[in-house]
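One structure is given here, and the rest of the page talks about it.
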Amino acid sequence: VIGDYFKKAWDASVEFETAMAGVAKTTDLSAVQLDAMAEKIKALSERIPVSTTELAGLVEAAGQLGIADEYLLTFAETMAALGVSTNLSASEAATSLAQLANVMRTSGKDYDRMGSSIVALGNSSATTEKDIVEMSQRLAGAARVVRMSEAQVFGYAAALSSVGVEAEAGGTALQKMWGDIE
């Protein structure tokens with residue numbers, strides 16, 4: 001029985017080290033920064049109900065998605081929180097919001113604000129966070145052209161999703177309308 005506990009601890013340690021190798025591969029962190037990141041991930045896992053390995057995977061994904069090194073942990077924490085509290089998985093949230101941020105030219109320090117906006121709209125409208133994100137992705141390109149903010153995009157997305165408009169149809173209709181207005 002005690003041997004099983006040691007084996008589980010060893011396996012978890014190896015799994016985390018493998019995940020941190022992925023972080024090293026996708027980021028520009030030095031060895032010292034990587035060690036500090038590992039400690040921050042461990043501390044974060046004590047505050048939110050997500051494993052260290054999953055958090056390291058989110059940091060790795062952040063690196064792949066081009067998130068600046070100083071925002072890696074904030075990004076991972078926000079995506080993990082979305083994964084815990086919404087119908088989006090953490091990896092879906094990471095990919096979707098990083099793509100949306102690229103289109104909208106959102107600063108890396110604003111991911112937590114984006115996550116909070118999506119959750120607030122999901123809680124106060126007749127739609128889900130996943131639908132809001134999907135619609136927002138459809139609207140982002142045209143919204144950027146007409147100089148809308150992320151908050152405005154999320155608001156339109158929540159309103160359209162709340163009345164049952166599908167992302168594809170709503171995105172196309174609003175893109176055309178905003179293009180005509182512009």
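The values are calculated or read from the model by the stated rules, or taken from the named source; none is laboratory data. All values derive from a computational prediction rather than experimental measurement. Glycine also receives a Cβ, built like all others from the backbone with ideal geometry; neighbour counts cover every protein chain displayed. Ligands, DNA and RNA are stripped out before the accessible areas are found, and what is left, the full protein with its side chains, is counted by its heavy atoms. Shrake-Rupley method; radii C 1.70, N 1.55, O 1.52, S 1.80 Å.
Data table
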read-out	value
Carbon + sulfur, % of accessible area of the range 47-104 - ligands and nucleic acids excluded, 1.4 Å	50
Given charges at Cβ of Lys, Arg, Asp, Glu: the chain dipole, positive-most of 23, 98, 73	98
Translational diffusion coefficient (Stokes-Einstein; Kirkwood radius from C-alpha pairs) of the range 117-176 at 10 °C, 1.306 mPa s, in µm²/s	146
Computed log₁₀ I(q)/I(0) - Debye formula, equal Cα scatterers, no solvent, the chain, q 0.15 Å⁻¹	-0.84
Gain on full stretching of the segment that runs from residue 146 to residue 5 - 0.36 nm per residue minus C-alpha separation	44.9 nm
Lys, Arg +1 and Asp, Glu -1 on Cβ, resulting dipole of the chain about Cα centre, debye, nearest 20	320
J(HN,Hα) series, the range 135-145, from Karplus relation 6.51 cos²θ - 1.76 cosθ + 1.60, nearest Hz, glycine and proline x	5, 4, 4, 5, 8, 4, x, 5, 5, 5, 4
Candidate lysines for bridging to residue 40, where Cα separation is under 29 Å - those fewer than 8 sequence places away on the same chain excluded	7, 8, 25, 109, 130
Listed residues 157, 21, 31, most fluctuating in the chain (Gaussian network, C-alpha, under 10 Å)	31
Sequence-distant residues sharing a close amide H with residue 87 (under 5 Å, placed H)	129, 130
Computed [θ] at 222 nm, deg cm²/dmol, the chain (DSSP H ≥ 4; -39,500 (n - 2.57); rounded to nearest 500)	-26000 deg cm²/dmol
Percentage relative contact order, the chain, counting C-alpha pairs under 8 Å, at least six apart	15
Surface accessible to a 1.4 Å probe, per residue, for the residues of the range 2-155, Å²	51
